[in-house]
Amino acid sequence: MDIDQPHVLGIEEARARVRALGEYLSMKHGMTIEWLDENCARIRGKYTVVNIDAEARIEAGRVHVTGKDPGMLWRMPAKKYVSNKLATYLGPELPVV
């Protein structure tokens, strides 16, 4: 799986929002978020029946997510879910508390 999510935020704001998304995934789905450095997180866990093993790298102007392909049946739903969550959390209208 390979997803690029563009954003217009500064790198620190984008980092704070990806951290907030990680907290959501941890609390909602029990996923494990491990920060490899300040701009790269490893996400592991399960969403419904799909095993997630991905890395999210925060860059200026985009967040790049790479991960294990969940297979043909779940590829599109997984990409849609991740893309929608990233778009929501990186959207300028969402305040991060």
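Would you mind finding the one in Leu73, Leu86, Leu94 that is of a type in the set (A, V, I, L, M) and without any contact (Cβ under 8 Å) to a residue 12 or more places away in the chain?
On the way: Leu86 fails: without any contact (Cβ under 8 Å) to a residue 12 or more places away in the chain; Leu94 fails: without any contact (Cβ under 8 Å) to a residue 12 or more places away in the chain.
Result of the check over Leu73, Leu86, Leu94: Leu73.
Restricting to the range 34-58, give me the number of residues that are among the aliphatic types (A, V, I, L, M) and at pLDDT below 95. Of the residues in the range 34-58, 5 are among the aliphatic types (A, V, I, L, M) and at pLDDT below 95. Note on the range 19-46: residues that are touching a residue at least 40 places away in the same chain (Cβ under 8 Å) and either among the basic types (Lys, Arg) or touching a Leu at 6+ places or on another chain (Cβ under 8 Å) (or both) amount to 1. For the range 58-84, a tally of residues being under 13 Å from His7 (Cβ atoms) and not β-branched (Val, Ile, Thr) returns 6.
Residue under question is Arg62, and the condition is that it be open to solvent by less than 40 Å² (accessible area, probe 1.4 Å) and within 18 Å of Tyr89 (Cα to Cα); does it hold?
Working: open to solvent by less than 40 Å² (accessible area, probe 1.4 Å): no; within 18 Å of Tyr89 (Cα to Cα): yes.
For Arg62, the condition - open to solvent by less than 40 Å² (accessible area, probe 1.4 Å) and within 18 Å of Tyr89 (Cα to Cα) - is not met.
Here the range 17-48 is the region considered, the condition is being of a type in the set (Gly, Ala, Ser) and open to solvent by 40 Å² or more (accessible area, probe 1.4 Å), and the residue that is nearest to Ala60 (Cα to Cα) is Ser26. Checking each residue in the range 40-59 for being within 20 Å of Leu90 (Cα to Cα) and more than 12 Å from the chain's Cα centre (by Cα) picks out only Glu59.
Filtering Leu73, Leu86 for residues that are in a helix (DSSP H, G or I), within 11 Å of Ala14 (Cβ to Cβ) and out of contact with any His (no Cβ under 8 Å at 6 or more places or on another chain) leaves a single hit, Leu86.
The values are calculated or read from the model by the stated rules, or taken from the named source; none is laboratory data. Predicted, not measured: the structure shown is a model, and the values here were computed from it. Note: ideal-geometry Cβ built from the backbone for every residue, glycine included; neighbour counts use all protein chains shown. Ligands, DNA and RNA are stripped out before the accessible areas are found, and what is left, the full protein with its side chains, is counted by its heavy atoms. Shrake-Rupley method; radii C 1.70, N 1.55, O 1.52, S 1.80 Å.
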